[in-house]
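The structure that follows is given in the form of structure tokens.
The values are calculated or read from the model by the stated rules, or taken from the named source; none is laboratory data. What you see is a predicted model, and the numbers here were worked out from it, not measured in a lab. Positions of Cβ are backbone-derived with ideal geometry, glycine not excepted, and every protein chain shown enters the neighbour counts. With ligands, DNA and RNA removed, areas are computed over all heavy atoms of the protein, side chains included. Shrake-Rupley method; radii C 1.70, N 1.55, O 1.52, S 1.80 Å.
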Amino acid sequence: MASSLTCVGVVWALLSFLCAAASCVGFFMPYWLLGSQMDKPVSFGTFRRCSYPVRDEERQATVMLEQCGRYASFQGIPSLEWRICTVVTGVGCGLLLLVALTALMGCCISDLISRTIGRVAGGIQFVGGLLIGSGCALYPLGWDSEEVRQTCSNSSDQFELGSCEIGWAYYCTGAGAATAMLLCTWLACFAGKKQKQYPY
């Protein structure tokens, strides 16, 4: 089985996969923002939430339902900034995943990744990382929404956490994007083998 990647290219392919996996897992998990409501732990992602209040008709009271789920609709996401963050980060994760899978196929298929294709892939990774980074930067703008304020002791605001804290999924998403943008983009320039010149 011939590879179209140099030794640096194999490192690039593996690191690209790890970065894409870290960003995608972090994006999907609802642990970007951690707080509590009615003495129960509550966490938010960009489009998912764990633990939410529901009306219990039997007891005629509001209780916390301790389970995770997506918002019922895109418009149900608490703030416009989080909706934009969801789209931008999702597109960025998709780009990183596309390049990572292509790079892994380059380990097994000869003539798939040339120097030029490697550089284009690095550019796509840079754009993907930039989109995810933009999503991470937009996320704190939504901390002033009513849902977040209720969870953070009514003391949160844009870029102010109140009693909440940033969760591991936010860091995971951002770290994957930063590594892809800074390190993978550079390694991609040296990933592909030089094309053979065929005398025709």
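Name the residue, out of CYS50, CYS7, that is without any contact (Cβ under 8 Å) to a residue 24 or more places away in the chain and under 30 Å from ALA191 (Cα atoms).
Sole residue among the options that is without any contact (Cβ under 8 Å) to a residue 24 or more places away in the chain and under 30 Å from ALA191 (Cα atoms): CYS7.
Within the stretch 14-42, how many residues are under 23 Å from ALA188 (Cα atoms) and at pLDDT below 95?
Within the stretch 14-42, residues that are under 23 Å from ALA188 (Cα atoms) and at pLDDT below 95 number 0.
Could you grab me the full set of residues in the stretch 138-182 that are of a type in the set (Ser, Thr, Tyr) and more than 30 Å from VAL127 (Cα to Cα)?
Across the stretch 138-182, the qualifying residues are THR151, SER153, SER155, SER156, SER163.
If you don't mind, there's one more thing I want to ask. Tally time: how many residues in the stretch 9-42 are assigned to a helix (DSSP H, G or I) and not aromatic (Phe, Trp, Tyr)? Give the steps one after another, and end with the answer.
Of the stretch 9-42, the ones assigned to a helix (DSSP H, G or I) are 9-28.
Still in the running and not aromatic (Phe, Trp, Tyr): 9-11, 13-16, 18-26.
Number of matching residues: 16.
Do the conditions hold for VAL91, that is, is it touching a residue at least 60 places away in the same chain (Cβ under 8 Å) and in contact with a helix residue (DSSP H, G or I) (Cβ under 7 Å, 6 or more places away or on another chain)?
It is false that VAL91 is touching a residue at least 60 places away in the same chain (Cβ under 8 Å) and in contact with a helix residue (DSSP H, G or I) (Cβ under 7 Å, 6 or more places away or on another chain).
While we're looking at this one, here's another question. So, restricting to helices (runs of 4 or more DSSP H) that lie completely within the stretch 81-184, which ones have at least 3 residues that are among the hydroxyl-bearing types (Ser, Thr, Tyr) and either open to solvent by less than 50 Å² (accessible area, probe 1.4 Å) or modelled with pLDDT under 95 (or both)?
Correct list: 168-179.
For the stretch 20-42, what are the residues that are open to solvent by 10 Å² or more (accessible area, probe 1.4 Å) and within 25 Å of GLY106 (Cβ to Cβ)? Quick ask: steps written out before the conclusion?
Restricting attention to the stretch 20-42, the residues satisfying the condition of being open to solvent by 10 Å² or more (accessible area, probe 1.4 Å) are 21-22, 24-25, 27-29, 31, 34-41.
Result: ALA21, ALA22, CYS24, VAL25, PHE27.
Going by the conditions given, is PHE17 open to solvent by 50 Å² or more (accessible area, probe 1.4 Å) and touching a residue at least 60 places away in the same chain (Cβ under 8 Å)? It would help to see each step written out before you state the result.
On the way: open to solvent by 50 Å² or more (accessible area, probe 1.4 Å): yes; touching a residue at least 60 places away in the same chain (Cβ under 8 Å): yes.
In short, yes.
Could you check how many residues of the stretch 1-48 are within 18 Å of GLY123 (Cα to Cα) and either under 11 Å from the mean Cα position of the chain (by Cα) or among the basic types (Lys, Arg) (or both)? Even if it seems obvious, please write down each step before you answer.
Keep residues of the stretch 1-48 that are within 18 Å of GLY123 (Cα to Cα), which gives 5, 8-20, 23.
Those still in the list that are either under 11 Å from the mean Cα position of the chain (by Cα) or among the basic types (Lys, Arg) (or both) too: 19-20, 23.
Looking only at that region, the number is 3.
Test CYS108 against the stated conditions and say whether it is touching a Phe, Trp or Tyr at 6+ places or on another chain (Cβ under 9 Å), closer than 27 Å to LEU18 by Cβ and not aromatic (Phe, Trp, Tyr).
It is false that CYS108 is touching a Phe, Trp or Tyr at 6+ places or on another chain (Cβ under 9 Å), closer than 27 Å to LEU18 by Cβ and not aromatic (Phe, Trp, Tyr).
If I go through the stretch 43-66 residue by residue, how many of them are open to solvent by 20 Å² or more (accessible area, probe 1.4 Å), part of a strand (DSSP E or B) and modelled with pLDDT of 90 or more?
So the answer is 1.
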